[in-house]
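Note sheet for the following structure.
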Amino acid sequence: MEERQDQEKIKLDQNQDLYRVLIETSRELICLHDPEGIYLYVNPIIETLTGFKPEEMLGRNPYDFIHPDDRDRILTNSHNPAKEGRPTVATQYRFLKKNGDYIWFETLTQPIKNKEGEVTYLNTTSRDVTDQVRLTESLQQEKKFSSIMAELAKVGAWESNIEAGSLYWSSEIYKILERDPSLGIDRDTVYNKYSYSEDIEKLRENNLRVYQKGETYSVEHRMVTETGRVIWVRTQGKPAYSEGRIVGVYGAMQDITLSKLVEEEIRLSEKKFSEAFHSSGNGIILLDKNGHFLELNQSFAKMIGYEPDELLFKSFQDVTYPEDLNTGAEAFRKIIDGERDSAQFAKRYIHKKGHIVWVFITGVAVRKDSGELMFIVSQIQDISRKRILENILREKNARLRSVGTHLKERIAQLEEFNQIVSHNMRSPIGNISTLVKFLEEAETEEERVEYMDYLKTTSDQLLTTLNEIVEVIKIRQSPKVVSEEILFESVFSRVKAMFLGQILECEAEIIADFSKSPSIIYPPVYLESIFLNLLSNSLKYRSESPHPVIRFKTYWSSGNHILEVQDNGLGIDLNKHGDQIFKLHKRFHRNTDGRGLGLFMTKNQIESLGGEIHVESTPGQGTKFIILLSKANEFAI
Amino acid sequence: MNSLSKKQKLLLVDDDAIFVEIAKRTIEKTGAVESLKVFPDGEGAISFLREHQSEPDIIPDFIFLDINMPFMDGWQFLDEYANFVNLLSKKPEIYMVSSSVDDSDLRRAKEIPLVKDYIIKPVSLDSFKKILTNQV
């Protein structure tokens with residue numbers, strides 16, 4: 001009996017050792033608690049799982065470690081039932097680790113009762129289910145997202161088992177085609193009810209190819225929804241295999257109606273733009289921010305004589321008239337810098353053939369929403385013709401003005417002649433008629449002789465005046481006397497030689513400087529006459545002191561070829577005589593032998609060639625004649 | 001007017017020597033002239049008048065003034081004359097005597113109050129008579 005007892009004891013001890021080993025090496029957390037949950041025993045795996053040593057746990061309350069959000073669940077599902085000896089369920093909850101993280105445990109709690117059936121201990125076994133919980137969480141997340149994505153993208157999945165003739169639609173496809181999901185779906189319904197008749201064949205072919213050749217497809221086609229709306233979808237199909245054989249097709253279907261509409265709209269607006277761009281009579285160009293042509297239309301290319309392709313390799317600077325490079329540059333820079341969005345200006349291009357093309361440009365910036373410049377659209381209008389017309393108009397106006405001036409000159413000449421006839425011719429004629437009467441009435445031979453003398457003098461005078469006038473009329477009427485290139489110096493030295501005696505006699509100093517403009521195309525006879533009259537004039541009206549100095553010079557000023565003659569002679573009071581200085585038979589000094597003819601002739605010669613003569617003078621200080629011999633022709637090209 | 005018996009003093013300003021000769025003879029024939037002074041240009045005549053401005057016995061009764069003359073023409077004479085006419089002890093009647101039939105000359109003469117009339121050359125004996133006897 002004792003032996004038996006001993007044997008049983010040994011057996012028991014052996015069993016207890018076995019259990020201890022099993023418990024202490026278990027991968028599961030095994031704990032013994034009092035009924036309130038206080039740790040009485042914790043197996044060593046606790047340290048691997050939570051970082052706490054078993055002895056650190058003893059005497060502590062598990063609720064100190066359980067995540068506050070999970071405490072109620074533990075209490076309801078595990079602790080309370082176990083305390084009362086009722087069955088419990090495995091419960092998942094978060095348990096605090098020594099490092100502050102949480103570990104997910106799945107714990108089963110079991111009551112341990114005494115003979116009287118009272119719960120004396122609680123036994124818990126816990127597994128680390130952290131990975132599993134995380135996986136489940138992320139799976140749920142993924143599922144949630146994919147359903148949101150499917151909904152947002154309007155993408156649904158489908159599968160068709162060809163052998164079984166069955167069809168599966170995901171909920172999103174029901175939504176896309178507005179079909180009640182509870183009705184289910186079959187292939188006949190798809191083809192008869194929801195397929196757009198014109199696109200059915202395309203779908204059948206694709207599905208057949210998948211089935212026969214295993215080719216995947218992606219096709220855009222129309223469908224008709226439950227409510228009769230025609231929508232655009234993209235359907236993708238792939239072969240479904242079973243034991244190496246193709247048994248069906250599965251894939252996705254996306255509602256692309258909206259993007260199709262947008263696409264269509266873009267296509268339409270692009271078409272409109274393209275039509276406007278290419279068929280516009282105006283030149284249109286798209287420039288990048290470096291001024292390179294991105295695109296340009298035929299009208300623009302034609303405007304400057306190129307093929308569109310030739311210009312795509314150039315920048316607008318390459319075809320701009322060099323002087324106008326700055327014209328648009330400032331506006332262009334402002335557009336690039338975002339200071340302004342448009343600019344308008346006129347400038348010149350160089351045609352491929354070399355001539356100038358005047359254009360009017362309207363440039364507008366096209367920017368992204370971010371403000372970044374995408375390109376500049378410029379409309380280019382050929383205004384060459386307008387410019388030419390403007391130039392013609394300007395020229396005509398100038399000519400008209402010139403004719404007006406000429407006409408005024410002519411009127412002034414006519415008045416001048418009228419004056420000459422009135423004063424210089426009527427006067428001797430009046431004398432003659434009176435003298436003839438006197439002669440008739442003369443009583444003595446003495447008287448008769450006297451009147452005859454007067455008559456002779458008067459008629460001579462009249463003849464002289466008449467000859468002078470004829471001379472002037474000749475000048476006026478034949479302004480096209482032969483011109484040739486002549487050196488001022490050569491004409492001047494000839495004239496000076498004629499006055500040599502007089503010059504020596506009065507010790508006149510003659511200074512001539514023709515260096516700034518040595519020659520002119522002019523009638524030599526006129527130039528000689530002008531020099532002769534002006535030199536003679538200056539010598540004649542010299543002052544006795546200081547000794548006479550007469551300067552001749554030529555130069556260009558404001559497009560006029562000018563001869564200037566200045567003396568330090570007697571001068572003329574221009575306030576008194578200003579308007580008479582160039583008139584016939586005027587003299588402004590006593591005791592001189594002038595007949596008042598030289599300056600009159602000179603003026604007529606100069607004016608007959610389109611020139612002008614002006615005088616500046618101060619009595620006692622001298623006279624300066626400024627002669628505009630010729631003008632630069634404003635119409636010369 | 002008691003002018004027939006009165007002998008007039010005349011000033012002739014003209015550079016045309018022949019006309020001056022003819023005028024002298026014609027004026028002589030009117031028998032109404034006491035003295036005749038001639039200047040070939042305006043400047044001489046002005047100097048003469050200024051010099052004798054306060055001597056009514058020397059200031060002429062009539063001035064016959066040519067337009068077209070060297071140095072100082074008839075118009076310039078009138079401009080100068082207007083400057084001192086108020087200082088003259090006697091105011092002569094001024095006639096422009098010119099060969100010009102130019103309208104602009106006639107109009108210009110009419111616009112000058114100092115000018116009594118404009119006589120076109122040649123001047124007949126009758127014309128001189130009428131003027132000198134104030135029968136104009």
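Computed from the coordinates by the stated procedures, all read-outs in this text should not be read as laboratory data. Quantities reported herein were computed from a predicted structural model and do not represent experimental measurements. FYI the Cβ positions are ideal-geometry reconstructions off the backbone, even for glycines, and counts take in every protein chain you see.
Just name one of A:Asn114, A:Phe95, A:Val133: the one whose Cα is farthest towards the positive end of the charge dipole of the stretch A:89-140 (beta-carbon charges, Lys/Arg +1, Asp/Glu -1). The one lying farthest along the dipole's positive direction is A:Asn114. Within the stretch A:341-431, the trypsin sites (Lys or Arg not before Pro) that combine a DSSP coil assignment with at most 10 other C-beta atoms in a 10 angstrom radius are A:Lys353, A:Lys368.
In this structure, the amide hydrogen of B:Phe39, modeled 1.01 Å from its nitrogen in the peptide plane, lies closer than 5 angstrom to those of B:Leu12, B:Val13, B:Asp14, counting only residues at least 5 positions away or on a different chain. Taken over the stretch A:21-135, the alpha-carbon convex hull comes to 102 cubic angstrom per residue.
Nearest 10 degrees, 0 to 90: what angle lies between the long axis of helix A:426-441 and the longest principal axis of chain A (Cα atoms)? Between the helix axis and the principal axis of chain A, the angle is about 20 degrees.
Principal-axis analysis of the Cα atoms of chain A puts helix A:130-153 at an angle of about 40° to the longest axis.
Ordering A:Thr464, A:Thr107 by the number of other Cβ atoms within 10 Å of each residue's own Cβ, fewest first, gives A:Thr464, A:Thr107.
3J(HN,Hα) couplings calculated from phi for the stretch A:223-232 with the Karplus curve 6.51 cos²θ - 1.76 cosθ + 1.60 (θ = phi - 60°) are, in sequence order, 9, 10, 7, 3, 8, x, 6, 8, 10, 9 Hz; Gly and Pro show x. In plain terms, the C-alpha convex hull of the protein assembly as shown casts an average shadow of 84.2 nm² when viewed from every direction.
Rounded to the nearest whole Hz, the Karplus-based 3J(HN,Hα) values (6.51 cos²θ - 1.76 cosθ + 1.60, θ = phi - 60°) of the stretch A:571-576 follow the sequence x, 10, 7, 6, 4, 7, with x at glycine and proline.
Taking Cα atoms only, the orientation of helix A:598-608 departs from the longest principal axis of chain A by about 40 degrees.
When you filter the trypsin sites (Lys or Arg not before Pro) in the stretch A:220-299 for DSSP loop state and at most 12 other Cβ atoms inside 10 Å of their Cβ, you are left with A:Arg229. The modelled label-to-label distance between A:Trp556 and A:Arg60, using points 7 Å beyond Cα along the C-beta direction, is 11.0 nm. If only the Cβ of Lys and Arg carry +1 and only the Cβ of Asp and Glu carry -1, the dipole of the stretch A:21-135 around its Cα centre is close to 140 debye. Neighbour counts of C-beta atoms inside 10 Å place A:Met425, A:Met149, A:Met223 in the sequence A:Met149, A:Met425, A:Met223, starting with the fewest. Charge dipole (Cα centre; +1 on Lys/Arg Cβ, -1 on Asp/Glu Cβ; no other charges) of the protein assembly as shown amounts to roughly 1300 debye. Going through the stretch A:459-548, which trypsin sites (Lys or Arg not before Pro) have at most 16 other Cβ atoms within 10 Å and a DSSP loop state? Taking the stretch A:459-548 and a limit of 16 other Cβ atoms within 10 Å, the loop trypsin sites (Lys or Arg not before Pro) found are A:Lys480, A:Lys516. Shown for B:Asp16, A:Asp131: other C-beta atoms within 10 Å of each C-beta, ranked fewest to most, produce the order A:Asp131, B:Asp16. The distance separating the Cα centre of the stretch A:320-334 from that of the stretch B:17-35 comes to 86 Å. Between the alpha-carbon centres of the stretch A:238-309 and the stretch A:26-91 there is a gap of 69 Å. The longest stretch of chain A left intact once loop-based chymotrypsin sites (Phe, Trp or Tyr not before Pro) with at most 14 other Cβ atoms within 10 Å are removed from consideration, loops following DSSP, is A:314-634. Expressed in units of 2.2 N^0.38 Å, where N is the residue count, the Cα radius of gyration of chain B is 0.97. Three principal axis extents describe the C-alpha atoms of the stretch A:480-629; from largest down they are 39, 32, 27 Å. Karplus-based coupling profile of the stretch A:26-37, in residue order and whole Hz: 5, 7, 8, 7, 10, 10, 10, 10, 6, x, 7, x, with θ = phi - 60° in 6.51 cos²θ - 1.76 cosθ + 1.60 and x standing for Gly or Pro.
Comparing A:Thr235, A:Gln212, A:Ala412 along the charge dipole axis of chain A, the residue lying farthest to the positive side is A:Ala412, per the Cβ-charge model.
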